[in-house]
Structures are given as C-alpha cells and as structure tokens.
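Notes for the one structure printed next.
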Amino acid sequence: MKAPSPVLVVDAAILVAAVRGRSSGAIREAARHSVLTTTNRVLVEARRRIELGMKRPELLPLLESLARELTVAVAANFEPVIGKAEAALQDAVVSRNGSTRDAHLLALAWSVDGDIWSGDRDFAGTGVASWTTPNLMRGYACERAQRENS
C-alpha cells in the first residue's frame, strides 16, 4: 500500500464527522503524519451542514477549533486551474456524475502535491490519490509497520 502524502487536503464530510465525534481520533492521527489543509469553501460547506442540515449550531465552536488546526487556502486563488480540475472531475472514472463542486479541492491538491481525504469517490482518475478514513488509517498503520521493521 502506498503511504499517504505528507499533505492531505481535507473534505467537508471529514470535518463534519470529526465534529460529530466520529473521526476525531483519525484527525489527530492524520495530523501526526501529514499537514492538513483545506479551502475556505470547505469550511463554509461544513458550517452550513452543521447549522442548517444537522440543525446542531452548538457544534460550530468545535468546527472553528478544528479549523484553527488546519492550513486554510482561499479557493479563489486556484481560479487559473479550476477549469482543468472541473474537466478532470467530469471525466472521473468512478463517479462519472459530472459534479464539479469539489474542483477547488482538486486544484488545491494539485498545487500542494497532496492527497485528498474524503468519503467521495469523485476523485478517482484525476491524478490525485484519495483516501477514505479507514484506508487512511490503514495506510498510516502500514507506514508505521514498515518503519518498525526497517
């Protein structure tokens, strides 16, 4: 198994899961191994899901605390490559749903030579490794085992 990248681009669903307590341990583990980064648009989406979708505004301070631990890039800074990212997502092998809403994440991953941490399968075939939480934790465990056996 390929080791996760030293830089991980984090999707909104991962942040929402962490705020709900589902992957807070995974966030801590990932932060030990990789720089965690995201875009300001991801934070807006996560806030919206928590406040309006889940109707749990009391969880917003947890999200803000988590956001302070991330490197947050301004999505507008990636405008020069957003078109390429949209085209890659439209042709993505697994989903083929044509969604381009995460083009800013793909553009960020390209710009920092990082992997994407997401539950979405939309990134397959875009030239960037994407990790679900269970696979990411397995990747770190394999990396740790290799270091211990060296």
For this session: Say whether the condition of being surrounded by fewer than 19 Cβ atoms within 10 Å (Cβ to Cβ) and modelled with pLDDT of 90 or more is met by at least one residue in the range 93-101.
Result: no
Seminar exercise, completed: With criteria (1) closer than 20 Å to Ala129 by Cα; (2) of a type in the set (S, T, N, Q); (3) free of Cβ contacts under 8 Å to residues at least 40 places away in the same chain, Ser5 comes up short on (3)
Seminar exercise, completed: Exactly one of Ala107, Ala76 is within 29 Å of Arg20 (Cα to Cα) and surrounded by 12 or more Cβ atoms within 10 Å (Cβ to Cβ), and that residue is Ala107
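Listed here are the residues, each with its yes/no results for (1) within 13 Å of Ile14 (Cα to Cα); (2) assigned to a helix (DSSP H, G or I).
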site: His104; (1), (2): no, yes
site: Trp110; (1), (2): no, yes
site: Gly119; (1), (2): yes, no
site: Asp122; (1), (2): no, no
site: Pro134; (1), (2): yes, yes
site: Arg138; (1), (2): no, yes
site: Cys142; (1), (2): no, yes
site: Gln146; (1), (2): no, yes
Problem set entry | Residue, farthest from Ile27 (Cα to Cα), within the range 48-71, restricted to residues that are among the aliphatic types (A, V, I, L, M) and exposed (fewer than 14 other Cβ atoms within 10 Å of the Cβ) | Leu52
Exercise. Going through the range 109-145 one residue at a time, which ones are without any contact (Cβ under 8 Å) to a residue 40 or more places away in the chain, charged (D, E, K, R) and out of contact with any Leu (no Cβ under 8 Å at 6 or more places or on another chain)?
Worked result: Arg121, Arg144
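The values are calculated or read from the model by the stated rules, or taken from the named source; none is laboratory data. The shown structure was predicted, so the numbers you read here are calculated from the model rather than taken from an experiment. For neighbour counting, all protein chains shown are included, and Cβ atoms are generated from backbone atoms with ideal geometry for every residue, glycine included.
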